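**Q** Questions regarding the structure given below will be posed in turn.
The values are calculated or read from the model by the stated rules, or taken from the named source; none is laboratory data. Bear in mind the structure is a predicted one, so any value in this text is a computation, not a measurement. In this analysis, Cβ positions are derived from the backbone assuming ideal geometry, glycine residues included, and neighbour counts consider all displayed protein chains. Note: areas computed on protein heavy atoms with side chains; ligands, DNA, RNA excluded. Shrake-Rupley method; radii C 1.70, N 1.55, O 1.52, S 1.80 Å.
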Amino acid sequence: MIHLLHYVNSYISSGGGEAEKESMYDIVMHHLTDHVISTGFIGKINEQYLSTKLFGIFDMRITRWVLMMWIAALLCLIVFIPIARKVKKAKNGSRSKWVNLWEVLISFVHDEVVEPNFDHHYVKKAMPYFCSIFFFVLFCNLLGMIPGMSTATGNLAVTGGLAMLTLAGMIGVGMIKQGPFGYWAGLVPHGVPAFVIPLMFPIEIIGLFIKPFALTIRLFANMTAGHVVIIIFLYLVMMFQSYWVGIGSVTGSLMIYLLELLVAFIQAYIFAVLSAMFIGSSMHAH
Amino acid sequence: MEVLKEGLLKVDPGLFLWTVITFLVLALILWKAAWRPIVDALDARAEKVRGDIETAEKNRLESERLFNQHKEMMDKAKEEAAHIIAEGKSDAEGLKNSIVEKANSEAKDLVERAKKEISLAKDKAVTELKAEVVYLSTEIAAKLIAKNLNPNDQKAFIEDALAKIRTVQ
């Protein structure tokens, strides 16, 4: 309940003050789009060192979303490096609930994400990447659930970046395992009639790129949609200026908030498991 | 393409690059500092648990085997004990019977001997008595003779005495 109060509070204090002037679209855009940070220490760094575009296209100024990603990454480091030490120290399993909680999640990644999609002796090699992607996405997702924070994964550039790494993984692993040419030749399934190959090859190439594209859109849309619904529920209070609507919409947004907590886990899992599936299947020709 | 430049669907190349950089750095640090030790430790533990289960299974089978062996031995021991008890019982019975028999026969012997001794003693006594009687009779006869009894009286005396001796006998 305290979280909910904070949550409502943060939305009302940041967007509700000028509710009469701001349209719903503005509020949604304010909460769900990126802003370059122009104040404080980071603002100064942005102005002094990062104001010119890298290679003319990459605007490297630190934005709110970049900051959120860094916080998520930092949380990962803060959580997992001590966990690693404790796990290593406790040969028969730690008694600590905190350690066991993360162990369960790591085992979950191992059993549900990596193991079904990789050959036995590659599981250990694949674990670091998929653990990283699962927990990074999970932390980004959950960070957005904290009032005052934002969901970095609710942005196409972020999810696109992660999906691009999956694509690079697919192509890279495929080319290493099947040979640079074998991989591209293996895209077309064996046993298709020769005259279909010119047709199949472009389709498979498109399919190759559609996979990470779908990853991008799925994570982005899932993380954005819930926030939009929560904001709209809360905006109803400002629209109708009535206590009864307030009770209903706060309850509604609480429900969506809980659903979002679930979605945060599910989407992190889906992103990791689909990445594993794509990369794992690129190890062998179809 | 206009929609990618502004609004919700905006794809900012800078943010894209930051994402890739952030994630790669994070993955690299965690790989070295966290995932490798954790996965190693978890694998080692899983291996240990598997080994422990195997050992436990082996121990279970071993103990079952020992238990069966033990049970067999117990059964055998019980049987043996029963056998020994039965043997002891029959031995004791035999011994008892022989002892009783022996005792009986000994008692019989004893009685027999006693009877024999008694009869011997009686015979001896009778013989002695007879001798005494003869002696007494002779004495009496001598006395009577000395007194000069008539032959009839004498005869009556002797016959009387003899009759008396006969009743004693």
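**Q** Can you tell me how many residues within the stretch B:136-168 are open to solvent by less than 80 Å² (accessible area, probe 1.4 Å), farther than 23 Å from residue B:125 by Cβ and not hydrophobic (A, V, I, L, M, F, W, C)?
**A** So the answer is 3.
**Q** So which residues in the stretch A:168-182 are open to solvent by 10 Å² or more (accessible area, probe 1.4 Å) and part of a helix (DSSP H, G or I)? Step through it out loud before you land on a result.
**A** Let us first name the residues in the stretch A:168-182 that are open to solvent by 10 Å² or more (accessible area, probe 1.4 Å), namely A:168-169, A:171-173, A:175-182.
Passing the criteria: A:168, A:169, A:171, A:172, A:173, A:175, A:176, A:177, A:178, A:180, A:181, A:182.
Residues checked against (1) touching a residue at least 60 places away in the same chain (Cβ under 8 Å); (2) in contact with a helix residue (DSSP H, G or I) (Cβ under 9 Å, 6 or more places away or on another chain); (3) part of a loop (DSSP other than H, G, I, E, B); (4) closer than 22 Å to residue B:27 by Cα:
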position	(1), (2), (3), (4)
A:149	yes, yes, yes, no
A:154	yes, yes, yes, yes
A:158	yes, yes, no, yes
A:166	yes, yes, no, yes
A:212	yes, yes, no, yes
A:215	yes, yes, no, yes
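Here's the yes/no breakdown for (1) under 12 Å from the mean Cα position of the chain (by Cα); (2) surrounded by 24 or more Cβ atoms within 10 Å (Cβ to Cβ); (3) under 17 Å from residue B:43 (Cβ atoms):
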{"position": "A:95", "(1), (2), (3)": "no, no, no"}
{"position": "A:101", "(1), (2), (3)": "no, no, no"}
{"position": "A:119", "(1), (2), (3)": "no, no, yes"}
{"position": "A:131", "(1), (2), (3)": "no, yes, yes"}
{"position": "A:136", "(1), (2), (3)": "yes, yes, no"}
{"position": "A:142", "(1), (2), (3)": "yes, no, no"}
{"position": "A:153", "(1), (2), (3)": "yes, yes, no"}
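**Q** Within the stretch B:45-59, is there a residue that is more than 30 Å from residue A:109 (Cα to Cα), aliphatic (A, V, I, L, M) and part of a helix (DSSP H, G or I)?
**A** Taking every residue of the stretch B:45-59 in turn, none turns out to be more than 30 Å from residue A:109 (Cα to Cα), aliphatic (A, V, I, L, M) and part of a helix (DSSP H, G or I).
**Q** From the list B:128, B:72, exactly one residue is on the phi < 0 side of the Ramachandran plot and at pLDDT 95 or above. Which is it? Even if it seems obvious, please write down each step before you answer.
**A** Numbers: B:128 fails: at pLDDT 95 or above.
Of the residues listed, the single one that is on the phi < 0 side of the Ramachandran plot and at pLDDT 95 or above is B:72.
**Q** Something else about it: Right, residue A:208: among the aliphatic types (A, V, I, L, M) and within 14 Å of chain B (Cβ to nearest Cβ) or not?
**A** Taking the combined requirement at face value, the residue does not satisfy it.
**Q** May I pose another question? Could you tell me whether the stretch B:81-90 includes any residue that is loosely packed, with under 10 Cβ neighbours inside 10 Å and either among the small types (Gly, Ala, Ser) or more than 52 Å from the chain's Cα centre (by Cα) (or both)? Working first, answer last.
**A** Applying the first criterion (loosely packed, with under 10 Cβ neighbours inside 10 Å) to the stretch B:81-90 yields none.
For the stretch B:81-90, residues loosely packed, with under 10 Cβ neighbours inside 10 Å and either among the small types (Gly, Ala, Ser) or more than 52 Å from the chain's Cα centre (by Cα) (or both): absent.
**Q** Checking the structure you have, find out if any residue of the stretch B:6-21 is modelled with pLDDT under 85, open to solvent by 90 Å² or more (accessible area, probe 1.4 Å) and more than 8 Å from chain A (Cβ to nearest Cβ).
**A** Scanning the stretch B:6-21, I find at least one residue that is modelled with pLDDT under 85, open to solvent by 90 Å² or more (accessible area, probe 1.4 Å) and more than 8 Å from chain A (Cβ to nearest Cβ), so the answer is yes.
**Q** Still on this structure, please answer the following. Determine which member of the set A:176, A:133, A:146, A:171 is over 25 Å from residue A:115 (Cβ atoms) and of a type in the set (A, V, I, L, M).
**A** Of A:176, A:133, A:146, A:171, the one residue that is over 25 Å from residue A:115 (Cβ atoms) and of a type in the set (A, V, I, L, M) is A:146.
**Q** Exactly one condition in (1) open to solvent by less than 100 Å² (accessible area, probe 1.4 Å); (2) modelled with pLDDT of 95 or more is false for residue B:133; which is it?
**A** (2)
**Q** Follow-up question, since we're still on this one. Just checking, how many residues over the stretch A:110-127 are touching a helix residue (DSSP H, G or I) at 6+ places or on another chain (Cβ under 6 Å) and in a loop (DSSP other than H, G, I, E, B)?
**A** Total satisfying the criteria: 1.
**Q** Residues in the stretch A:128-162 that are more than 9 Å from every other protein chain (Cβ to nearest Cβ) and of a type in the set (A, V, I, L, M): how many?
**A** Qualifying residue count for the region: 7.
**Q** Restricting attention to the stretch A:32-57, and to residues there that are at pLDDT 70 or above and facing another protein chain (nearest Cβ under 10 Å), which single residue is most open to solvent (accessible area, probe 1.4 Å)?
**A** Filtering the stretch A:32-57 for residues that are at pLDDT 70 or above and facing another protein chain (nearest Cβ under 10 Å), the one most open to solvent (accessible area, probe 1.4 Å) comes out as A:55.
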